[in-house]
Amino acid sequence: VQLQASGGGLVQAGGSLRLSCAASRRMFNNNGMAWFRQAPEKEREFVAGISWNGGSTTYADSVKGRFAISRENAKNALYLQMNSLKPEDTAVYFCAANMGALASGNKGTYRYWGQGTQVTVSS
């Protein structure tokens with residue numbers, strides 16, 4: 001069971017990036033999925049989550065209106081469109097699969113984690 005995150009990079013403030021997460025098993029079609037991020041010397045924090053069928057999404061207040069999470073179950077894929085990026089968005093971004101069908105902000109409910117992709121936003 002694997003999750004492979006990609007799409008990170010270096011971007012100027014105000015720019016955009018699209019992260020992707022490829023899942024190795026179709027089981028993720030039945031699981032809530034989410035993106036978390038971790039900046040140096042900080043706790044891993046919830047960014048955005050999406051239910052198993054994409055019908056429900058939730059966002060951290062810090063990214064509302066700028067980021068959009070989506071999924072394509074036919075491709076076992078999860079995405080995070082990030083617009084209007086700020087230097088404080090700089091972190092390693094991780095995709096994760098929830099143990100249930102919904103997505104929550106509690107990282108303890110996520111069973112599988114990808115390896116992370118670095119996002120750096122310069123001012």
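The values are calculated or read from the model by the stated rules, or taken from the named source; none is laboratory data. Worth saying up front: this structure is predicted, and the values here are computed from it rather than measured. All Cβ positions, glycine included, derive from the backbone under ideal geometry; neighbour counts span all protein chains shown. Note: areas computed on protein heavy atoms with side chains; ligands, DNA, RNA excluded. Shrake-Rupley method; radii C 1.70, N 1.55, O 1.52, S 1.80 Å.
Taking the stated definitions as given, is Arg18 out of contact with any Asp or Glu (no Cβ under 6 Å at 6 or more places or on another chain) and free of Cβ contacts under 8 Å to residues at least 24 places away in the same chain?
The answer is no for Arg18.
For segment 61-70, state whether one or more residues are open to solvent by 60 Å² or more (accessible area, probe 1.4 Å), farther than 17 Å from Met99 by Cα and part of a strand (DSSP E or B).
Within segment 61-70 (the criterion being open to solvent by 60 Å² or more (accessible area, probe 1.4 Å), farther than 17 Å from Met99 by Cα and part of a strand (DSSP E or B)), the answer is no, since none of the residues qualifies.
Check Cys95 against each of (1) in a loop (DSSP other than H, G, I, E, B); (2) open to solvent by less than 60 Å² (accessible area, probe 1.4 Å) and name the one condition it does not meet.
(1)
May I ask you to list the residues in segment 51-60 that are among the hydrophobic types (A, V, I, L, M, F, W, C) and surrounded by fewer than 19 Cβ atoms within 10 Å (Cβ to Cβ)?
Ala60
Quick check on this structure: which one of Ala91, Ala48, Ala60, Ala39 is touching a helix residue (DSSP H, G or I) at 6+ places or on another chain (Cβ under 9 Å) and aliphatic (A, V, I, L, M)?
On inspection, the qualifying residue turns out to be Ala39.
So that you can scan it fast, the table gives a plain yes or no per residue for (1) within 12 Å of the chain's Cα centre (by Cα); (2) modelled with pLDDT of 95 or more; (3) over 21 Å from Gly9 (Cα atoms):
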position: Trp35; (1), (2), (3): yes, yes, no
position: Gly54; (1), (2), (3): no, no, yes
position: Ser62; (1), (2), (3): no, yes, no
position: Ala68; (1), (2), (3): yes, yes, no
position: Thr117; (1), (2), (3): yes, yes, no
position: Ser122; (1), (2), (3): no, yes, no
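Within 20 Å of Ser122 (Cβ to Cβ) and either at pLDDT 95 or above or of a type in the set (Asp, Glu) (or both): is that true of Leu78 in this structure?
No.
Only one of (1) touching a Leu at 6+ places or on another chain (Cβ under 7 Å); (2) in a loop (DSSP other than H, G, I, E, B) fails for Leu80. Which number is that?
With respect to (1) touching a Leu at 6+ places or on another chain (Cβ under 7 Å); (2) in a loop (DSSP other than H, G, I, E, B), Leu80 is out only on (2).
So, in segment 28-51, exactly how many residues are over 23 Å from Leu85 (Cα atoms) and in contact with a strand residue (DSSP E or B) (Cβ under 8 Å, 6 or more places away or on another chain)?
Result for segment 28-51: 4.
Within segment 1-50, restricting attention to residues that are of a type in the set (Lys, Arg) and assigned to a loop (DSSP other than H, G, I, E, B), which residue is least open to solvent (accessible area, probe 1.4 Å)?
Arg44
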